[in-house]
Amino acid sequence: MSQDPIIISNTLIVDQVYKDIKRRIIKGELLPDSKLSIRVLCEYYKISDTPLKQALNRLISEHLVLALPRRGMRVNSFSQKDIHEAIEARTMIELFAVPSAIASVKKSNQLIRQLEENIMEDERLINEVSDLNSYTEIAQRELEVSQGFHLLIVKSLNNDTIINTYLNLLNHRYLYYQIGKDKTAQARASLSEHKTILDRLKAGDEEGVKNAILLHLKAREYDVNSARKN
């Protein structure tokens with residue numbers, strides 16, 4: 001924590017601290033498994049421990065911070081097993097959602113339009129910046145849009161419990177900003193795979209959609225594991 005302290009106004013202080021700690025974790029300024037001292041962070045942000053703990057609790061709910069008995073709070077360190085299990089669970093939910101997505105498309109073109117708009121926005125963001133390796137606002141937005149493609153399919157289930165469970169599984173994506181080597185290439189590959197999923201969905205090809213999703217998520221898991229080995 002060698003940077004100059006940041007003085008934050010009282011307005012939306014919890015949200016500001018939450019976002020800044022999250023940014024520092026994703027950029028690697030706060031390393032995986034590093035201890036998060038309440039006293040040090042309070043001094044750094046010049047705030048009391050109440051808003052700080054509220055901000056940290058939000059990060060705990062996103063699995064970016066761990067609260068461990070007798071060890072305090074630490075930055076989460078995602079293992080290969082953690083990543084595999086998250087992607088495996090995502091795969092199960094997304095494949096389960098495919099029949100609902102197909103049924104939704106047969107009723108109206110709303111989901112198709114939303115997915116097309118998502119792809120257009122993702123492509124625009126990728127082309128807007130030459131390098132996604134730095135955690136900029138554009139890089140963060142691109143990540144959220146890319147996640148949003150899958151979320152649109154899952155939302156076709158109209159099941160809030162499943163949707164909330166799915167949202168909690170998306171946090172492994174932030175690991176790309178800690179260990180990824182070429183996130184621009186990964187983003188372009190992901191976008192191409194999204195287009196394939198959309199094409200199969202437009203055709204009403206349930207098995208084709210499932211196969212495309214399965215290949216897509218396996219490819220993304222391979223990206224993460226390959227980066228961890230380098």
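The values are calculated or read from the model by the stated rules, or taken from the named source; none is laboratory data. This structure is a prediction, so every number in the text was calculated from the model and none was measured. So basically every Cβ, Gly included, is an ideal-geometry build from the backbone, and we count neighbours across all protein chains shown.
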query = Quick check: anything in segment 77-98 in contact with a strand residue (DSSP E or B) (Cβ under 9 Å, 6 or more places away or on another chain), surrounded by 13 or more Cβ atoms within 10 Å (Cβ to Cβ) and either outside the structural domain of I197 (by TED's automatic domain parsing) or at pLDDT below 90 (or both)?
reply = yes
task = Name the residue, out of A227, A219, A203, that is hydrophobic (A, V, I, L, M, F, W, C), modelled with pLDDT of 80 or more and either in contact with a helix residue (DSSP H, G or I) (Cβ under 8 Å, 6 or more places away or on another chain) or outside the structural domain of D122 (by TED's automatic domain parsing) (or both).
result = A219
message = For segment 154-161, check the following and say yes or no: at least one residue is outside the structural domain of G28 (by TED's automatic domain parsing), in contact with a Leu (Cβ under 8 Å, 6 or more places away or on another chain) and part of a helix (DSSP H, G or I).
response = no
remark   = Picking from L52, L68, the residue that is under 26 Å from N164 (Cβ atoms) and surrounded by 13 or more Cβ atoms within 10 Å (Cβ to Cβ) would be L52
task = Taking the options I87, I60, name whichever one is in contact (Cβ under 8 Å) with a residue 60 or more places away in the chain and under 20 Å from N164 (Cβ atoms).
result = I87
task = Search segment 138-165 for residues that are of a type in the set (D, E) and pair each with any residue that is at pLDDT below 95 when their beta-carbon atoms are under 7 Å apart and the residues are at least 6 apart or on different chains.
result = E142/L125; E142/I126; E142/L132; E142/A187
task = Scan segment 19-57 residue by residue and report those that are in a helix (DSSP H, G or I), in contact (Cβ under 8 Å) with a residue 24 or more places away in the chain and more than 25 Å from the chain's Cα centre (by Cα).
result = I38, V40, E43, Y44, Y45
